[in-house]
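Asker: Have a look at this one before I ask anything.
The values are calculated or read from the model by the stated rules, or taken from the named source; none is laboratory data. Predicted model only: the values in this text are computed from it and were never measured. Backbone-built Cβ (ideal geometry, glycine too); neighbour counts: all protein chains shown. Ligands, DNA and RNA are stripped out before the accessible areas are found, and what is left, the full protein with its side chains, is counted by its heavy atoms. Shrake-Rupley method; radii C 1.70, N 1.55, O 1.52, S 1.80 Å.
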Amino acid sequence: MPDHVLTQIEIDQRVFDLYDEYCHGRIDRRSFLAQAAVVTVGGLAMAQALMPRYANAQTISFTDERIKGTYVTYPSPGGNSGTMRGYLVQPKGNGPFPVVLVIHENRGLNPYVEDVARRAATEGFLALAPDGLFPVGGYPGNDDDGRTLQSGLDQGKLRTDMLNSAMYLKKHALSSGNLGVTGFCWGGSTTNFLAVSMGADVKAAAPYYGAAPVTAAVPDIKASLLINYAENDDNINGLWPAYEGALKAAGTKYEMFKYPGTQHGFHNNSTPRYQEAAAKLSWERTIALFKKNLVA
């Protein structure tokens, strides 16, 4: 008999909260496991169940005949090394295609985010998922090391690397010039950052549980926004009232959805924080946003 894998409803909220601390680098793996073992009976097993299982993340095969994925390198002036690498996924056909930048979490370009880029490509978008860790050797194959590497980078230069990635994609030979951006966790906050810093060069943006931008900069956003939040995510959700007030004052086009019963990270199908219904609905809304705003 295979070992029973704990599901979301079997995991104590206090362990989810500790995992959130761990994911954001506020405690290390050893502390996470030790504290989880203390807060509730079976806490250690719950903690271990939350570790990513990337075999579960692939929903679109990298050999899928509808798409073609390649790794590309491109200049990134002002970034962490002057060069960036990303996973570029092209739909079938000759283009030009509307383009979508897919921004990873705080641990580099892992298999889940690569799969999201393939999902976008199957919907007709030329998708690029940059690896912010390329200047330090790339995603190292596990999230613990990836998180450590990303936290050690110059954060301003890392955002410049994402900005350069967006401009590379927008100007790509197969691009229609219509750019959308989506991202998760750190990538969600960076999606907001790009919407602010690129202005009208971003037509649509769909951040997932990302920190809000500086309120004073919100009027610079010209994109249509689809803002996806988890219900149980106080650190991020606490920023929403000020963000919403600024969006309303600026007359920005936006929709916000908070998905009931979800944890931060609910779109990531490699851990039990994944909630299938919310992930599916939020992604359908994201694709609809991009089709409405990017497809001529």
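Asker: Tell me, yes or no, whether the range 287-296 has at least one residue that is of a type in the set (S, T, N, Q), open to solvent by 10 Å² or more (accessible area, probe 1.4 Å) and not in a strand (DSSP E or B).
Answerer: Taking the range 287-296 and keeping what is of a type in the set (S, T, N, Q), we get 293.
This time we only want the ones that are open to solvent by 10 Å² or more (accessible area, probe 1.4 Å), so: 293.
Subsequent filtering for residues that are not in a strand (DSSP E or B) retains 293.
Yes: one or more hits.
Asker: Looking at this structure, is G108 at positive phi, out of contact with any Lys or Arg (no Cβ under 7 Å at 6 or more places or on another chain) and open to solvent by 10 Å² or more (accessible area, probe 1.4 Å)? Working first, answer last.
Answerer: Details: at positive phi: yes; out of contact with any Lys or Arg (no Cβ under 7 Å at 6 or more places or on another chain): yes; open to solvent by 10 Å² or more (accessible area, probe 1.4 Å): no.
So G108 does not fit the description; no.
Asker: So, in the range 62-78, of the ones that are open to solvent by 40 Å² or more (accessible area, probe 1.4 Å) and either in a loop (DSSP other than H, G, I, E, B) or touching a His at 6+ places or on another chain (Cβ under 6 Å) (or both), which residue ends up modelled with the lowest pLDDT?
Answerer: Applying the first criterion (open to solvent by 40 Å² or more (accessible area, probe 1.4 Å)) to the range 62-78 yields 62-63, 65-66, 68, 70-71, 73, 75, 77-78.
Checking which are either in a loop (DSSP other than H, G, I, E, B) or touching a His at 6+ places or on another chain (Cβ under 6 Å) (or both) leaves us with 62-63, 65-66, 77-78.
Values: F62: 82, T63: 85, E65: 93, R66: 94, P77: 98, G78: 98.
Only one residue tops the list, namely F62.
Asker: In the range 90-102, what count of residues is obtained for those that are over 11 Å from L169 (Cβ atoms) and open to solvent by less than 20 Å² (accessible area, probe 1.4 Å)?
Answerer: Initially, the range 90-102 is screened for residues over 11 Å from L169 (Cβ atoms), giving 90-96.
Still in the running and open to solvent by less than 20 Å² (accessible area, probe 1.4 Å): 91.
Matching residues across the range 90-102 total 1.
Asker: What number of residues in the range 225-265 are of a type in the set (D, E, K, R) and in a helix (DSSP H, G or I)? Write out each step before concluding.
Answerer: Of the range 225-265, the ones of a type in the set (D, E, K, R) are 231, 233-234, 244, 248, 253, 255, 258.
After this cut, where a residue has to be in a helix (DSSP H, G or I) as well, the list is 234, 244, 248.
Here the count works out to 3.
Asker: For the range 125-133, state whether one or more residues are touching a residue at least 60 places away in the same chain (Cβ under 8 Å) and under 16 Å from F97 (Cβ atoms). It would help to see each step written out before you state the result.
Answerer: Residues of the range 125-133 that are touching a residue at least 60 places away in the same chain (Cβ under 8 Å), as a first pass: 125.
Restricting the remaining residues to those that are under 16 Å from F97 (Cβ atoms) gives 125.
Yes, some residue in the range 125-133 is touching a residue at least 60 places away in the same chain (Cβ under 8 Å) and under 16 Å from F97 (Cβ atoms).
Asker: Would you check if P98 is touching a residue at least 40 places away in the same chain (Cβ under 8 Å) and over 20 Å from H264 (Cβ atoms)? I'd like the intermediate steps shown before the answer.
Answerer: Working: touching a residue at least 40 places away in the same chain (Cβ under 8 Å): yes; over 20 Å from H264 (Cβ atoms): yes.
In short, yes.
Asker: Check whether at least one residue in the range 266-281 is closer than 22 Å to M162 by Cα and either among the acidic types (D, E) or touching a residue at least 12 places away in the same chain (Cβ under 8 Å) (or both), and report yes or no. Can you show your working first?
Answerer: Pass one, the range 266-281, residues closer than 22 Å to M162 by Cα: 267-268.
This time we only want the ones that are either among the acidic types (D, E) or touching a residue at least 12 places away in the same chain (Cβ under 8 Å) (or both), so: 267-268.
There is at least one residue in the range 266-281 that is closer than 22 Å to M162 by Cα and either among the acidic types (D, E) or touching a residue at least 12 places away in the same chain (Cβ under 8 Å) (or both).
Asker: Another one. Hey, any hits in the range 75-93 for a residue that's among the charged types (D, E, K, R) and over 21 Å from E276 (Cβ atoms)? Outline the logic, then answer.
Answerer: Quick first cut of the range 75-93, residues among the charged types (D, E, K, R) only: 85, 92.
Pick out the ones that are also over 21 Å from E276 (Cβ atoms) and you get 85, 92.
Yes: one or more hits.
Asker: Quick test for you: out of A129, A121, A117, pick the one residue that is aliphatic (A, V, I, L, M), in contact with a His (Cβ under 7 Å, 6 or more places away or on another chain) and farther than 16 Å from A204 by Cβ.
Answerer: Going through A129, A121, A117 in turn, the sole match is A129.
Asker: I'd like the full set of residues that are under 11 Å from A121 (Cα atoms) and out of contact with any helix residue (DSSP H, G or I) (no Cβ under 7 Å at 6 or more places or on another chain), limited to the range 66-92.
Answerer: Selection gives K68, L88, K92.
Asker: Right, another one. Mind listing whichever residues of the range 199-231 are charged (D, E, K, R) and open to solvent by less than 70 Å² (accessible area, probe 1.4 Å)? Give the steps one after another, and end with the answer.
Answerer: Filtering the range 199-231 for residues charged (D, E, K, R) gives 201, 203, 220, 222, 231.
Of everything in the range 199-231, just one residue is charged (D, E, K, R) and open to solvent by less than 70 Å² (accessible area, probe 1.4 Å), namely D201.
Asker: Just the residues that are at positive phi and open to solvent by 20 Å² or more (accessible area, probe 1.4 Å), please, taken from the range 232-285. Walk me through it before giving the result.
Answerer: Restricting attention to the range 232-285, the residues satisfying the condition of being at positive phi are 251, 261, 265.
Within the range 232-285, G251, G261 meet the criteria.
Asker: Looking at (1) over 21 Å from A288 (Cβ atoms); (2) aromatic (F, W, Y); (3) touching a strand residue (DSSP E or B) at 6+ places or on another chain (Cβ under 6 Å), which one does Y112 not meet, given that it meets all the others?
Answerer: Every listed condition holds for Y112 apart from (3).
Asker: Just to be sure I understand, how many residues within the range 157-172 are under 23 Å from V295 (Cβ atoms) and either without any contact (Cβ under 8 Å) to a residue 60 or more places away in the chain or open to solvent by less than 10 Å² (accessible area, probe 1.4 Å) (or both)? I'd like the intermediate steps shown before the answer.
Answerer: If we filter the range 157-172 for residues that are under 23 Å from V295 (Cβ atoms), which is where we start, we get 165-172.
Now drop any that are not either without any contact (Cβ under 8 Å) to a residue 60 or more places away in the chain or open to solvent by less than 10 Å² (accessible area, probe 1.4 Å) (or both), which leaves 165-167, 169, 171.
The total comes to 5.
Asker: To continue, here is another question. Taking into account only those residues within the range 1-50 that are farther than 20 Å from C185 by Cα, in a helix (DSSP H, G or I) and polar (S, T, N, Q), which is modelled with the highest pLDDT?
Answerer: In this case the residue turns out to be Q35.
Asker: Still on this structure, I have one more. Please work out if G141 is farther than 20 Å from E284 by Cα, surrounded by fewer than 19 Cβ atoms within 10 Å (Cβ to Cβ) and either among the β-branched types (V, I, T) or at pLDDT 95 or above (or both).
Answerer: Numbers: farther than 20 Å from E284 by Cα: yes; surrounded by fewer than 19 Cβ atoms within 10 Å (Cβ to Cβ): yes; either among the β-branched types (V, I, T) or at pLDDT 95 or above (or both): no.
For G141, the condition - farther than 20 Å from E284 by Cα, surrounded by fewer than 19 Cβ atoms within 10 Å (Cβ to Cβ) and either among the β-branched types (V, I, T) or at pLDDT 95 or above (or both) - is not met.
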